[in-house]
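Accompanying notes for the structure given below.
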Amino acid sequence: MVNIGIIGVGLVGSELISQLSAHISQNETSTFKIIALMNSTKQLLSNSSYSSLDLSSWKNDLSAKGTTSNLVSFINYLSEAPTPSIVIDNTSSQEIANSYPLFIEKGLHIVAPNKKAFSSDLKLYKEIREKATEKKRFIYHESTVGAGLPVLSTLTDLIRTKDKIIKIEGIFSGTLSYIFNEFSRLDGEKKKFSEIVKIAKENGYTEPDPRDDLNGLDVARKVVILSRLVGKDLSLDTLPVENIVPEPLRTLDSATEFMASLTEYDEYFEKLNTTANNNQQVLRYIGVIDPIGDKSEVKLVSLPSSHPFTALKGSDNIIAFTTERFPSPLIIQGAGAGAAVTAFGIFSDLFKISDRT
Ligand code: NHO
């Protein structure tokens, strides 16, 4: 049996528990057992014989029977289990990410959609990689890039089989994909930029403050993750990132003020769009990974309508790997945001570990 402890039971964590619960109840031979849950205030640990938590009532049990969150006792409980344990980090906490070396020391495998450990401090990233190799622990984080799309596993396979990666580029943000798919098109339909951002916010596609999508940081983190995987020591502070939040709006206190003021910049965005459209092109926000030189970047570009990045729908992601074996790029495309697909990416990582333990 593989024990699972989940830190973070919000949107993605709850969906993961539903997916796991359905799998466990439908498969008598399932090897997964959820034995510990934790959110920012409470934690729920199973008993001393490490039996499964009752997944039909976990929400109530966590709030009614849970004790105050304590990362050390949570990790110790998992690490003392008689069979292998995986800790899943479904938070966006830097503090939890900083604890991965400790998790590995304690003998735990890690799965995470949290991008922080893999895209923040390079020293932390290297420490995690080195410790995992030394202690023979598995770290999987497929859903940090492209949600459940097989982006990291494909790249890992290309690297392992010694293909030469020439360039990786893509539309890595579901939110920015939606915004520009709606805003910049050649079918003559015109919508105001601020209106589209408003709809994206109302539909829950954006972060609570849409500036956290428009500033490019989320895409930058994904570019850093892919760059480090191909062996480049890239960091957020050295990567050129085009922040498309108009400068005067960056310092506004609240998302509400930002949304109200964004209308003043509709003309500015429309001008950019018209220039592109006049050349039969559309605007797209892309990330570029340059494994050979120093041209990795995150930017808004104009692309001709024949380009594969211009045919996306909704909040889809697209990632193109140009390699020695794939001079005509290997392309991965599909839903790149949302709880269902993100949880799927985590779930598939769990199988990769359970198959090998
Ligand atoms: P929530 O709903 O805020 O839940 C966070 C949970 O963590 C809560 O239970 C909270 O109590 C707990 N928590 C926070 N700090 C804690 C601490 N110190 N100790 C213990 N518990 C703590 O967040 P989500 O939406 O469930 O996201 C969880 C993680 O998945 C985040 O790291 C997020 O970045 C990552 N993730 C989410 C998505 C998504 O679609 N929601 C995606 C990828 C990764 O594919 C997605 C994506 O990239 C979307 C992106 N915005 C785009 O492309 O447009």
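The values are calculated or read from the model by the stated rules, or taken from the named source; none is laboratory data. Not measured: the values here are computed from a predicted model. Don't worry about glycine lacking a Cβ; one is built from the backbone with ideal geometry, like all the others, and counts go over all protein chains shown. The accessibility values were calculated without ligands, DNA or RNA, using every heavy atom of the protein model including side chains. Shrake-Rupley method; radii C 1.70, N 1.55, O 1.52, S 1.80 Å.
Couple of notes before you dig in:
- 10 Å binning of all Cα-Cα separations within segment 214-260, expressed as whole percents from 0 upward: 24, 40, 23, 12, 1
- Whole-Hz ³J(HN,Hα) from phi, Karplus 6.51 cos²θ - 1.76 cosθ + 1.60, for segment 92-102, glycine and proline x: 10, 7, 6, 4, 5, 4, 5, 8, 4, x, 5
- Relative intensity, log₁₀ I(q)/I(0), of the chain from a Debye sum that treats every alpha carbon as a point, q = 0.07, 0.11 Å⁻¹: -0.33, -0.79
- Summing Cβ point charges (Lys, Arg +1; Asp, Glu -1) relative to the Cα centre of segment 271-357 gives a dipole of roughly 220 debye.
- Within-12-Å neighbourhood charge of Lys198 [Cβ basis; K, R +1; D, E -1]: -1
- Debye-sum result for segment 266-357 in log10 I(q)/I(0), which assumes one identical scatterer on each alpha carbon, at q = 0.14, 0.18, 0.23, 0.25 Å⁻¹: -0.75, -1.05, -1.23, -1.26
- Prolate/oblate/rounded label for segment 318-357 (Cα gyration tensor, a/c 1.5): oblate
- Span-like helix ranges in the chain, DSSP H, alpha carbon extent 15 angstrom or more, Kyte mean at least 0.0: 11-26, 217-229, 339-354
- Of Gln43, Gln333, Gln26, the one that fluctuates the most in a GNM where the chain has Cα springs shorter than 10 Å: Gln26
- Positive-end residue of Pro304, Gly334, Leu176, charge dipole of the chain with Cβ unit charges: Gly334
- Residue-normalised accessible area of the chain, expressed per residue, 1.4 Å probe, Å²: 45
- DSSP-assigned coil residues among GluC sites (Glu not before Pro) in segment 48-140, each with at most 15 further Cβ atoms within 10 Å: Glu80
- Filter on Lys222/Lys299; Lys115/Lys192; Lys59/Lys106; Lys106/Lys136; Lys232/Lys295; Lys167/Lys313 - keep pairs with C-alpha separation over 22 Å: Lys115/Lys192; Lys59/Lys106; Lys167/Lys313
- Furthest towards positive pole of dipole, Leu124, Val145, Ser63, structure part segment 1-151, Cβ charges: Leu124
- Of the accessible area of the chain, computed with a 1.4 Å probe over protein heavy atoms only, carbon and sulfur atoms account for 51 percent.
- Near the amide H of Phe172, within less than 5 Å, lie the amide hydrogens of Gly287, all on another chain or at least 5 residues away, with H placed in the peptide plane.
- Each residue of segment 296-307 is assigned a 3J(HN,Hα), and the resulting list reads 5, 6, 10, 7, 8, 10, 9, 10, x, 5, 7, 6 Hz, derived from the Karplus form 6.51 cos²θ - 1.76 cosθ + 1.60 (θ = phi - 60°), x at Gly and Pro.
- More than 17 angstrom apart: percent of Cα pairs within segment 70-136: 37
- Measuring max minus min along each principal axis, the C-alpha atoms of segment 4-152 give extents of 40, 32, 29 Å (largest first).
- Put simply, the convex hull of the Cα atoms in segment 136-237 casts, on average, a shadow of 9.1 nm².
- Residues whose placed amide H lies under 5 Å from that of Ile4, excluding near-sequence neighbours: Lys33, Ile34, Ile35, Ala36, Ile86
- Along its first, second and third principal axes, ordered by size, segment 19-60 spans 33, 23, 14 Å in Cα coordinates.
- Amide H within-cut-off set for Lys42, under 5 Å, with H built and near neighbours excluded: Ser69
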